[in-house]
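Worksheet: the structure to be examined is printed underneath.
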Amino acid sequence: MFDNLSEKLDKALHVLKGHGQITEINVAETTKEVRRALLDADVNFKIAKEFTNKVKEKALGQNVLTTLQPGQLMVKIVKDELTQLMGGDAEGIDLSGNPSVILMSGLQGSGKTTFSGKLAHYLKTKKTKYPLLVACDVYRPAAIDQLHVVGDQIGVPVYSDKENSDPVAIAKAGIAHAKANGQNVVIIDTAGRLAVDERMMTEISDIRKAVEPQETLFVVDSMTGQDAVNTAKAFNDVLNFDGVILTKLDGDTRGGAAISIRSVVEKPIKFIGTGEKMDALDVFYPDRMADRILGMGDVISLVERAQEQFDEEEARKIQKKIAKNTFGFDDFLKQIQQIKKMGSMKDLMGMIPGAGKALKGMDIDDDAFKHVEAIIHSMTPVERANPSMLDASRKKRIAKGSGRTVQEVNQLLKQFNQMGKMMKMMQGGGGKKMMQMMSG
Ligand code: GDP
């Protein structure tokens, strides 16, 4: 996410390194570079200019601060301003209605249907929410089918009526259906067009007037850069929506939309989409996003994801196994599966401070896990429980069975042994917490 921008900002902020104090000259130099980095990331020209002016003003105003290195101070100022620009605090969605009605808007292909499913899935895991998805795209039967596929996938009911060509009537009927069936959140997926067009706007306005949603959300593809901002403006002028959903942030997006949208439409970004799967949804936290943009990682999100997957009982079992020296490859495999549940490797790496930069250019993919899994699957259960019995001929057989080389098998064994040693070391007192995290 935002690799290019992160790298350029990092370079810009390094200009100040080595300087003992902040002067007008080095501040001007730095802010010029920051502005260039923002423009390259497709941030709106006016916003980039205002942003750097604010940073400059703050930096010069704070030159009395001698406790910090100027470089660090500048990073802090840029981070604070970026956070402000993206909205300050995170904003949730209003679920106070019964049912709460959430109306989706956005262009075709922006990710509306996918996000509708993700949101339903997200709310469903909150236990007290029973969502209903409503298909209001009367022009494309395939869109209705797509919503049904999504609903089946996450176990959420879908209301649709292919006989009816009036989206307002369908939306109303959907809400009545939810009331009759005890569903307390109604998510209405609407028709999008390839470009902003009056008929689409009228239609969605009509639906909105008829159903009075608690939330009207605007979904936009972050890969479209400045266009995303312009489309947001067009939709907001008509709908005055409540929040923005930025999708496809997992792709190679330059970041401009994430940074500019908030201040152009003065509406918060509420969620971001980070993949095609139903769980690839994150609440948008401006400060965490600023950390990520500045290559400072997002440790909080990383820990949260680890906690979501954390299974206390499993952790205790593993601790016991390590103490008794019976930690084997089956346990190792389980741990890999736990890590994989946390997200893609690339995504996780981006959350580790500095990792983005350190690993730049490296091809981090999830195949590495696949290879390790293949090797372990080629071991017999007895071998998995007793890795020390793996002699040359067994290794050769395993390599052949998994389609990997003997060197790779050896490397995995070496890593496994090192991990065992490390875990044993950490078992004493202070390492316990870390242990739990690793096994979670
Ligand atoms: P709609 O026309 O607005 O309903 O858009 P869809 O929900 O059908 O999404 C269009 C395409 O974008 C589909 O192929 C989705 O799988 C994909 N998509 C949606 N959200 C994301 C996301 O956050 N990341 C990625 N990589 N793809 C997404």
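What follows draws every value from the coordinates through simple rules; no lab data is involved. What you see is a predicted model, and the numbers here were worked out from it, not measured in a lab. All Cβ positions, glycine included, derive from the backbone under ideal geometry; neighbour counts span all protein chains shown.
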Pairwise centroid distance, computed over Cα atoms, of the range 105-125 with the range 134-166, Å: 13
Sticking with the crude label model, points 7 Å out along Cα→Cβ, report the distance from Ser96 to Gln415 in nm, one decimal please. 5.1
Within the under-10-Å Cβ sphere about Ser100, not counting Ser100, Lys/Arg +1 and Asp/Glu -1 give a net charge of -1
For Asp206, put the label point 7 Å out on the Cα→Cβ axis and report which residues of the range 159-173 keep their amide N under 11 Å from it. 165-170
Neighbour-count order for Met379, Met200, Met422, Met104, fewest beta carbons within 10 angstrom listed first: Met422, Met200, Met379, Met104
Expressed in nanometres to one decimal, the distance between label points 7 Å along Cα→Cβ at Ser165 and His377 is 5.0
Calculate the FRET efficiency for Val149 and Glu312 from the Cβ-Cβ distance with a Förster distance of 41 Å, rounded to the nearest 0.05. 0.70
Say the cut-off is 29 Å between C-alpha atoms; which of Lys172/Lys233; Lys79/Lys421; Lys127/Lys233; Lys8/Lys341 go over it? Lys79/Lys421; Lys127/Lys233; Lys8/Lys341
Added length on full extension, which subtracts the Cα-Cα distance from 0.36 nm per residue, Lys320 to Ala392: 22.9 nm
Between Lys49 and Val238, the FRET efficiency computed from the C-beta separation at R0 = 35 Å comes out, to the nearest 0.05, as 0.80
Compute the FRET efficiency between Lys277 and Glu24 as 1/(1 + (r/R0)^6), taking r as their Cβ-Cβ distance and R0 = 45 Å, and round to the nearest 0.05. 0.35
Whose amide H sits under 5 Å from the amide H of Leu281, counting only residues 5 or more places off or on another chain, with H placed in the peptide plane? Thr274
To make sure I understand, if each residue's beta carbon is the centre and we count other beta carbons within 10 Å, what order do Ser263, Ser105, Ser160 fall in, fewest to most? Ser263, Ser160, Ser105
Counting other C-beta atoms within 10 Å, which of Val185, Val409 has the fewest, and how do the rest follow? Val409, Val185
Expected vector for the range 132-144, Karplus 3J(HN,Hα) from phi with 6.51, -1.76, 1.60 and θ = phi - 60°, integer Hz, x for Gly and Pro, equals 10, 9, 10, 8, 10, 8, 8, 8, 10, x, 5, 5, 5
Karplus-derived 3J(HN,Hα), 6.51/-1.76/1.60, for each residue of the range 367-373, Hz, glycine and proline x: 5, 3, 5, 4, 5, 4, 4
Rounded to whole Hz, the Karplus (6.51, -1.76, 1.60) HN-Hα couplings of the range 180-195, x for glycine and proline: 5, 10, x, 8, 9, 9, 10, 10, 9, 8, 10, 6, x, 10, 6, 9
